[in-house]
Amino acid sequence: MEIRPAEVGDAVTLSNLKRLCWEETYRGIYPDQKIDTYCQSENIDRFRLLIQDPDRHLFIAEADRCPIGYLEYGVPLRPFRNFHREIGLLYLLREFQHVGYGRQLFRYGRAAILSEGETEFFVSCNKYNLPARQFYQKMGGQLIHVDPDQEDRSLPQVKFLFSNDCK
C-alpha cells in the first residue's frame, strides 16, 4: 500500500471513495435516506476545501495505484476539550480491511501528529460502528467520551484518546 498526499484533482476520487465506504459501513446505522441521497458534487467541494486547508492534512491510500481509502488529520474541525489534533477521517474499502492497511494508515497519521510535537490526539467515530470502535481500541485508544443515544443513529459519536505511549 502506498500513502500519498491528496491533491485538488483527487476530490472526485475521494468523493467516490466516501460514497462507497458509507454504503459499506453505515447502511443499517445511518438512515437509508442519508446514504441514498449522498450528494457527489457537495462532497467534491468539501474535499477540495479540505485539501486546501492548511490546518488539515489529507492522504490517499492506494494499492497497485488504485485508491482504496483515505486519512485526514489536523486541527480538530469540532473542538473537543483541550486537544490540538485529531484524526478526523480514516476510511478503507471493506475488501482491504483486516489485512493491515488500516493499521498502516492509522500509524501514519499518529506518527505525523506526534512528529509535530503533539503528545496526544483524539479520534471520533460513530457510536454504533462497532468494528471501528474495536479497531481504535486495538490501536491503543482509550475511550474518553460517549454521546447519548439519539433517534438519528448517524449523530452519536464516541471519542478515543491516543498519546505518544499508545501501541
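The values are calculated or read from the model by the stated rules, or taken from the named source; none is laboratory data. As the structure is a computational prediction, the values presented were derived from the model and not from experiment. Positions of Cβ are generated from backbone atoms using ideal geometry, with glycine treated the same way; all protein chains shown enter the neighbour counts. Note: accessible area is taken over every heavy atom of the protein model, side chains too, but ligands, DNA and RNA are not part of it. Shrake-Rupley method; radii C 1.70, N 1.55, O 1.52, S 1.80 Å.
Among the trypsin sites (Lys or Arg not before Pro) within the range 32-105, those in coil by DSSP and having at most 16 neighbouring Cβ atoms inside 10 Å are Arg65, Arg81. Mind jotting down the distance between the C-alpha centroids of the range 1-49 and the range 110-167, whole Å? First find each Cα centre; the distance between them is then 20 Å.
Rolling a 1.4 Å probe over the protein heavy atoms gives the chain an accessible area of 55 Å² per residue.
Rounded to the nearest 20, the size of the Cβ-charge dipole of the range 1-131 about its Cα centre is 340 debye, with Lys and Arg at +1 and Asp and Glu at -1. Does the chain come out rounded, prolate or oblate, given a ≥ b ≥ c as the square roots of the eigenvalues of its C-alpha gyration tensor, rounded meaning a/c under 1.5 and, failing that, prolate meaning a/b above b/c? Because its axes are fairly even, with a/c under 1.5, the chain counts as rounded. Compute the Cα gyration tensor for the range 1-52, then decide on rounded, prolate or oblate, letting a ≥ b ≥ c be the square roots of its eigenvalues: rounded whenever a/c is under 1.5, prolate when a/b is larger than b/c in the other cases, and oblate in all that remain. Since a/c reaches 1.5 but b/c is at least a/b, the shape of the range 1-52 is classed as oblate. Only lysine pairs 8 or more places apart or on separate chains count here, and in the chain those with Cα atoms under 16 Å apart total 4.
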